[in-house]
Every structure is written in structure tokens, then in C-alpha cells.
Amino acid sequence: MTAEVTARFNPFAAEFRRDPYPMYRVLRETRPVHKTMGMWVLTRHADVRAVLCGGAFSAALIPALVSRQAAATTGGTDGDRLDDEEAAFICVMCFVAGHETTKSMIGNGLLALLRHPEQGERLRRDPRQAGPAVTEALRYDSPLQLTKRVAIRDVEIGGHLVSAGEQVLLCLGAANRDPEAFGRPDEFDISRDAPASTPAHLALGHGMHGCLGGALAQLQATVAFECLYRLPGRLEPAVPPSALEWQDRSLIVRGLKRLPVTLRGDS
């Protein structure tokens, strides 16, 4: 009874917003594949990766909804077109989709460096480590925590039958901390020396539905880290951890509202 209550998945909870990783750990250990809120929830790296790569699932949730809505509005004809306002709205959404996640990636990564000053010092001594720091930041605290897929045919996952048409919620943040995939998964280490057999993190998706702007986002974060850690002095948090606020506009994105820092000169 206690384990069941402890493992209840609730992405709306304030404590989940502050730190989802304890919940992810419990779910991986007790209910790695389970159904709640009308969808299947997956937390293990192998299961999440299989869905991202497999042909039994589609990412076409939104296009399908749009098509149904258009058909209902136009009677199935192709006469409906976006007006200027709708086209502008889509452009804004495309911009936000890239900007918000990139901003959160930089913020989450900088926070990890500040909370692990030995890693920040390593980057300060060698700013060329900015690229590996971005890779580790993506794994350690993914800006995109959750994403959905829909089954296009019946398929078994982790001993459970997922029927065609059912939705699957992929917990990318949980998969990236899976000890079955990564050694010392809860440690932030920008010089992580992983064996060649270690799977890649899933923060940017995987396979044909990987993030289209992933390379650009990583480049932006790399430049940001390199510039920040080339500054004379040391970056330090300007507020205690309890004062940090996490965004609450989106359930799937994990990012800070702001991250105050102080630059202290070398003594």
C-alpha cells in the first residue's frame, strides 16, 4: 500500500516541479510501465528508446487533431486555409518551441555547474570542455521532461499490452537517470568517461523523430558556457536553492524562471 501511494505519478504536484527525480527513481523501481490518467507512463531508458525508435508508435498526435478539426469545420474539403493571424501564431509557436527549451537547457546546465563547483572549476580551467558539459547537462537535467506518442498497432512494452490508439507518455528525464543505462546516473560529471556501449541520452529524442534543432541548441549552449567560464572571476549562486522558482506554464518543460548569479573576482 505504501509503495503504491509513493509511486503515484503526479506531474502537477509542486514537489515534482521542484525535483522530479526522486519520483522517477521510485517509478523505475516499482512501476516502470504503468497506466494512469488514461495513458501509459514509461520511465526506463530501454523502453523509452524502443518507443522513440520503433515503428509501432507515431508522433502525429497534433497533426491528427488538427486534421480532424479541419475536417469537422470544412466538411472534409480542402478549402480551409490559414489566415494571416493564424500563420503568424504558428510562426510564434515555432520560435517559442526552440527558444524555451534552449533557454531552459542553458539555465539547467548552469545551475548544475553552480551546484557542483568542482565541475565548474574544471570548465573554468579548460573552457573547451563546454561541449561535454552541455551533453552531460542534457542528460542530468533535461529541459524537455515528457513527450507523447500514440500506438498505431498493438505492441507489448515491459510485459504490458499497449493497444492501437493508446497514448504513451515518455519520461525522458527518468530515462536519462536510469542506472541500467548510465553509471552513477545521479552524479553530474562533465568529464564522464562512459564505455562505448553506453547508450546516448534521450533529451533530444532519438531516431527519425529526434529534435530537428538539437544541433543548433547544443551549439548555442556550448557558446554560452564557454563565454561564461572564460570570464575573469568565478560564478556563484546569488540566492539560496530555496529561492529558486521553476516555470509552471508547461508540464513538459523543466526550466527556471530566473537564475541570479554573482561574478566574484579572483582573490
*Among the candidates ALA221, ALA217, which residue alone is touching a Cys at 6+ places or on another chain (Cβ under 8 Å), modelled with pLDDT of 90 or more and either of a type outside the set (Gly, Ala, Ser) or crowded, with 16+ Cβ neighbours inside 10 Å (or both)?*
ALA217
_Hey, LEU170 under 22 Å from LEU244 (Cα atoms), out of contact with any His (no Cβ under 6 Å at 6 or more places or on another chain) and buried (at least 19 other Cβ atoms within 10 Å of the Cβ) or not_ = no
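For every residue, the table says whether it meets (1) outside any helix (DSSP H, G or I); (2) over 17 Å from the mean Cα position of the chain (by Cα); (3) not aliphatic (A, V, I, L, M).
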{"site": "ILE190", "(1), (2), (3)": "yes, yes, no"}
{"site": "PRO199", "(1), (2), (3)": "yes, no, yes"}
{"site": "LEU204", "(1), (2), (3)": "yes, no, no"}
{"site": "THR222", "(1), (2), (3)": "no, yes, yes"}
*May I ask you to say which residue of GLU236, GLU245 is surrounded by 11 or more Cβ atoms within 10 Å (Cβ to Cβ), closer than 15 Å to SER104 by Cα and among the acidic types (Asp, Glu)?*
GLU245
*asked:* Looking only at residues that are closer than 27 Å to VAL253 by Cα and crowded, with 19+ Cβ neighbours inside 10 Å in region 146-164, which one is farthest from the chain's Cα centre (by Cα)?
replied: VAL162
_Quick check on region 232-243: of everything there that is out of contact with any strand residue (DSSP E or B) (no Cβ under 6 Å at 6 or more places or on another chain) and of a type in the set (A, V, I, L, M), which residue is farthest from ARG125 (Cα to Cα)?_
ALA243
*Take the residues of region 20-63 that are aromatic (Phe, Trp, Tyr) and in a helix (DSSP H, G or I): which is surrounded by the fewest Cβ atoms within 10 Å (Cβ to Cβ)?*
TYR21
*For CYS211, are the conditions met, namely being surrounded by fewer than 19 Cβ atoms within 10 Å (Cβ to Cβ), assigned to a loop (DSSP other than H, G, I, E, B) and either in contact with a Lys or Arg (Cβ under 6 Å, 6 or more places away or on another chain) or of a type in the set (A, V, I, L, M, F, W, C) (or both)?*
yes
*asked:* Cβ-Cβ under 6 Å, sequence separation 6+ or interchain: first residue in region 252-267 and free of Cβ contacts under 8 Å to residues at least 60 places away in the same chain, partner among the charged types (D, E, K, R) and surrounded by 15 or more Cβ atoms within 10 Å (Cβ to Cβ). Which pairs?
replied: ARG264/ARG234
*asked:* Criterion first (farther than 19 Å from ALA200 by Cα, among the charged types (D, E, K, R) and either assigned to a loop (DSSP other than H, G, I, E, B) or at pLDDT 95 or above (or both)) does ARG17 satisfy it?
replied: no
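The values are calculated or read from the model by the stated rules, or taken from the named source; none is laboratory data. As the structure is a computational prediction, the values presented were derived from the model and not from experiment. Because the Cβ atoms are built from the backbone with ideal geometry, glycine has one as well, and the counts that use them run over all protein chains shown.
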